[in-house]
Amino acid sequence: MRKAINIIIDWFVPAYKAGGPIQSVKHIAEHLQDEMDISIVCSNRDHDKSVLPVSTNQWVKQHNFRIYYTDRKFRGVINAVPQKSVVYINGIFSIHYNLFPLLFLKGRKIVAVRGMLDPGGLSQKPMKKKMYLRFWKWLQLHKNCEYHATSIMERDNIHAALGTETKVWVIPNLPGVVPHSPLPHKKNNSIILCTVALVSAMKNHLLVIESLMKCQAEVVYHIYGPIKDSDYWQTCSKAIEKLPVNISVTYHGIISPDHICDAIADAHVYIQPSKSENYSHSLVDAFMTGRPVITSYFTPWNNLAVEYAGVNVSIEGTTAITKAIDQFAAMDATELQQWSKGASDYISKAINVEAIKKQYVDMFNAKNSLAI
């Protein structure tokens with residue numbers, strides 16, 4: 001008999017405006033659907049509260065897994081999830097889809113933190129999150145469930161926030177299936193950049209724009225993604241207006257997941273110097289597409305230059321980012337092709353899909369926790 005796994009998440013496809021966690025859960029369901037009975041319980045809305053075009057408060061079939069979209073928040077979750085089952089809860093800071101299920105559902109519970117306890121994430125609305133975590137610990141939730149981290153760094157962040165006695169599974173995210181794409185035509189001393197991410201201070205769009213101010217090359221920069229912080233985007237827009245004539249920046253708005261890889265493929269280099277990344281599906285998609293990446297040191301993807309996969313840059317000022325952009329702009333097509341191959345090879349070596357799938361199966365099947 002196949003193991004039944006109940007996944008709880010605030011938003012799920014066709015929702016996409018909440019970014020990476022939706023893709024993380026989608027990839028788990030797609031990769032494990034032939035080995036386990038996967039059921040997903042979620043809201044019938046997207047991150048911006050728009051209603052999804054789905055059947056509500058009933059089970060619907062998608063591939064080999066089931067989805068229950070509810071408009072009743074926690075009451076819908078309780079109605080849909082069997083008691084004494086294995087429950088995989090995504091996130092920390094949602095009352096209806098994280099906290100209440102932990103309090104009222106019986107059975108084995110695993111919490112996927114999804115980067116929410118990273119220092120960069122905790123720096124956003126810090127007092128509110130600090131009080132929430134104190135309440136979380138007062139309820140002993142950190143002792144009554146297991147946690148899923150996607151890296152050693154995230155495990156350490158969980159231990160720092162909730163205590164070292166917290167049981168944590170360390171298993172990387174599963175990637176989507178992304179084909180390698182040929183590079184677009186490369187002109188001399190020019191470059192096309194791309195970012196696909198929530199527009200917020202965490203992703204550092206403004207720092208990229210400010211770094212473009214001193215670039216000597218001709219740069220075209222495409223930005224995709226929902227605006228999470230309108231004040232932040234206003235600041236970005238004002239900075240864009242001051243850029244010199246050799247720099248062109250276009251904001252394309254929200255993009256559906258089905259078109260993300262096409263947008264990345266239209267660029268020469270993917271740039272996202274985030275303040276913190278637990279995983280970043282966009283960075284992984286960029287590597288798999290064959291696009292070298294300019295990013296910070298605060299992601300799991302480091303030592304990029306050694307592998308000809310991209311450049312890790314300091315985000316203390318603009319100097320390093322400007323230098324990296326000009327470096328790629330100065331390359332000819334042959335040299336850039338070497339970096340394109342390096343990006344694909346880098347992620348192929350970094351992610352062993354079959355081994356990761358086995359780790360998820362072992363986590364969900366474990367009777368006695370082997371978490372650390």
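The values are calculated or read from the model by the stated rules, or taken from the named source; none is laboratory data. As the structure is a computational prediction, the values presented were derived from the model and not from experiment. Cβ coordinates were reconstructed from backbone atoms using ideal geometry, including for glycine residues, and neighbour counts include every protein chain displayed. Please note that ligands, DNA and RNA were not included when accessible areas were found on the heavy atoms of the full protein model with its side chains. Shrake-Rupley method; radii C 1.70, N 1.55, O 1.52, S 1.80 Å.
Note on the chain: GNM, Cα springs under 10 Å; of ASN98, ASN312, ASN144, the largest mean-square fluctuation is that of ASN144. Quick note on the chain: its Rg to Rh ratio, both from C-alpha atoms and Rh being the Kirkwood radius, is 0.98.
Using Cα pairs under 8 angstrom and six or more residues apart, how large is the relative contact order of the range 100-196, in percent? Each step should come with its number before you reach the end.
On the way: 78 pairs, mean separation 25.3, N = 97.
Taking the mean separation of contacting Cα pairs over the length of the range 100-196, I get 26 percent.
Of all beta bridges that DSSP places with both ends in the chain, some 10 percent have antiparallel geometry. The distance separating the Cα centre of the range 39-55 from that of the range 279-335 comes to 35 Å. For the chain, the relative contact order works out to 15 percent when only alpha carbon pairs closer than 8 Å and six or more residues apart are counted.
Can you give the FRET efficiency for TRP138 and LYS84, using 1/(1 + (r/R0)^6), R0 = 35 Å, r = Cβ-Cβ distance, to the nearest 0.05? Intermediate results must be reported in sequence, preceding the final value.
Numbers: r = 25 Å, r/R0 = 0.72.
Working from the Cβ atoms, E equals 0.90.
Once the Cβ-Cβ distance of ILE255 and ILE152 is raised to the sixth power relative to R0 = 35 Å, the FRET efficiency obtained is 0.65.
About the centre of its Cα atoms, the chain shows a dipole size close to 1680 debye [charges on the beta carbon of Lys, Arg (+1) and Asp, Glu (-1) only; nearest 20 debye]. Normalised by 2.2 N^0.38 Å, where N counts its residues, the alpha-carbon radius of gyration of the range 131-236 equals 1.58.
Taking SER123, SER39, SER280 in turn, the Gaussian network model of the chain (Cα-Cα springs below 10 Å) assigns the largest fluctuation to SER123.
When the P(r) of the range 147-298 is calculated, the portion above 29 Å amounts to 24% of the C-alpha pairs. The Cβ shell under 15 Å around VAL196 holds other residues with a net charge of -1, Lys and Arg each +1, Asp and Glu each -1.
What chymotrypsin sites (Phe, Trp or Tyr not before Pro) does the range 217-299 have in DSSP loop regions with at most 15 other beta carbons within 10 Å? Hits after loop and neighbour filter: TYR297. The length gained on full extension between ASN189 and ALA4, counted as 0.36 nm times the residue separation minus their Cα-Cα distance, comes to 61.1 nm.
Out of ILE28, ILE95, ILE110, any idea which swings most in a Gaussian network model of the chain, alpha carbons joined below 10 Å? Comparing ILE28, ILE95, ILE110 in the GNM, the peak value goes to ILE95.
Taken per residue, the accessible surface of the chain reaches 45 Å², heavy atoms only and a 1.4 Å probe. Taking each residue as 0.36 nm, the span from LYS167 to VAL60 lengthens on full extension beyond its C-alpha to C-alpha distance by 35.2 nm. Of the GluC sites (Glu not before Pro) found in the range 260-360, the ones in coil according to DSSP and having at most 16 other Cβ atoms within 10 Å of their Cβ are GLU316.
Considering only the Cα atoms of the range 240-317, their convex hull presents on average a projected area of 6.3 nm².
Just check the range 283-372 against the gyration tensor rule for me: Cα atoms, a ≥ b ≥ c as the square roots of the eigenvalues, rounded for a/c under 1.5, and otherwise prolate or oblate depending on whether a/b exceeds b/c. Because a/c hits 1.5 or more and a/b fails to exceed b/c, the range 283-372 counts as oblate.
Here the 3J(HN,Hα) profile of the range 361-366, calculated from phi with Karplus coefficients 6.51, -1.76 and 1.60 at θ = phi - 60°, is 4, 4, 4, 6, 8, 4 Hz, Gly and Pro shown as x. The angle between the Cα long axis of helix 319-329 and the main principal axis of the chain comes to about 70°, on a 0 to 90 degree scale.
Each listed q (0.15 Å⁻¹) maps to a log10 I(q)/I(0) for the range 187-252, found by the Debye formula over equal Cα scatterers with no solvent: -0.43. Taking Cα atoms only, the orientation of helix 230-241 departs from the longest principal axis of the chain by about 10 degrees.
Once you have the Cα-Cα distance between ALA160 and LYS242, take 0.36 nm times their residue separation minus that, and quote the gain in nm to one decimal.
On the way: separation 82, 0.36 × 82 = 29.52 nm, distance 4.17 nm.
Here the segment from ALA160 to LYS242 would lengthen by 25.3 nm.
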